[in-house]
Amino acid sequence: MTIDGPSGSGKGTVSRAAARALGWALLDSGALYRLVALAGRQAGVGLDDGPGLAQLAKASDIRFGSDPSDQEVVWLDGKEVTGAIRTEEAGNDASKVAAIPVVRAALLERQRRFAVPPGLVADGRDMGTVVFPQAEVKIFLTASAAERAARRHKQLKEKGVAATLAALSLEIAERDQRDMNRAIAPLVPGADAILLDTTGMSVDAVVERVLGVARGRLSI
Ligand code: DC
């Protein structure tokens, strides 16, 4: 099952919950782009150096795990980087490296290796359109830009990170523009994706809808 959508649409939380409920693996593809950008910064490779970043995308040792409360834990070359890849700066860096075709190509096989029985929930921007075009269930989550900024604001506040709603709204709008208008694998719903606008919906309600669609389609 693929779950695509813009930043703040709830993809991450919903994908994790759906994977847990189904007993399936999870691919957080956005984390891969964040990791490539971080690896570039750490290695002194410029965020516009396609071949250098593609090499890091292929060769870096990337590991995903969960902490006792089922939150994602991420390691890059043996070092835990869970917090480091979740900053706004890391998100913006990721959006830049994600626009480089050789970086996307380098991550393609890496992403496909996550598909293992009994199933995979793949969370990203181009999961249903490019990486797993044969997926049986494709969901595209959206929410109004105002609601997405408010969700992100709440998340950061809970983590004790200072951020203004106005600055976040601006950043989300800029990131949407870059992700939707890039030449390669832009953020667009595939013709065969089910669109779900989560504005005003609780996480639980969205998860139920997604699971309902999956169970209906797959008879599970
Ligand atoms: O979902 P996220 O915020 O962690 O993603 C970070 C950036 O990576 C996002 O701005 C766009 C990019 N991305 C992408 O281009 N393709 C994906 N499949 C996932 C993320």
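General observations
- For Leu26, the amide hydrogen comes within under 5 Å of the amide hydrogens of Val121, counting only partners 5 or more places away or on other chains and with H modelled in the peptide plane.
- Summarising the label geometry, the points placed 7 Å from Cα in the beta-carbon direction at Arg112 and Leu218 lie 2.0 nm from one another.
- Normalised by residue number, the volume inside the convex hull of the Cα atoms of the chain is 121 Å³ per residue.
- Solvent-free Debye scattering, log10 I(q)/I(0), computed from the Cα coordinates of the stretch 42-132 at q = 0.18, 0.19, 0.25 Å⁻¹: -0.99, -1.11, -1.63
- When Rg and the Kirkwood Rh are both derived from Cα coordinates, the Rg/Rh ratio for the stretch 1-41 amounts to 1.04.
- Fraction of accessible area attributable to carbon and sulfur, the chain (%, probe 1.4 Å): 57 percent
- In a simple Cβ point-charge model (Lys, Arg +1; Asp, Glu -1; nothing else charged), the stretch 124-202 has a dipole of about 320 debye relative to its Cα centre.
- Given +1 at the Cβ of Lys and Arg, -1 at the Cβ of Asp and Glu and no other charges, the dipole of the chain around its Cα centre is 160 debye to the nearest 20.
- For Asp192 and Asp77, a Förster radius of 30 Å and the Cβ-Cβ distance give a FRET efficiency of 0.20, rounded to the nearest 0.05.
- Spin-label pair Ala173/Lys159, simplified geometry with 7 Å Cα→Cβ offset, distance in nm: 2.3 nm
- Over the chain, accessible surface divided per residue gives 48 Å², non-protein components excluded, 1.4 Å probe.
- Taken about its Cα centre, the stretch 1-87 carries a charge dipole of roughly 100 debye when the Cβ of each Lys and Arg holds +1 and the Cβ of each Asp and Glu holds -1.
- For the Cα trace of the stretch 1-78, dividing Rg by the Kirkwood Rh returns an Rg/Rh value of 1.02.
- Per-residue ellipticity at 222 nm, computed for the chain from helices alone with -39500 (n - 2.57) per DSSP H run of at least four residues, works out to -15500 deg cm²/dmol.
The values are calculated or read from the model by the stated rules, or taken from the named source; none is laboratory data. Since the structure is predicted, the reported quantities are computational estimates derived from the model, not experimental observations. Positions of Cβ are generated from backbone atoms using ideal geometry, with glycine treated the same way; all protein chains shown enter the neighbour counts. Only protein heavy atoms, including side chains, enter the accessible area calculation; ligands, DNA and RNA are left aside. Shrake-Rupley method; radii C 1.70, N 1.55, O 1.52, S 1.80 Å.
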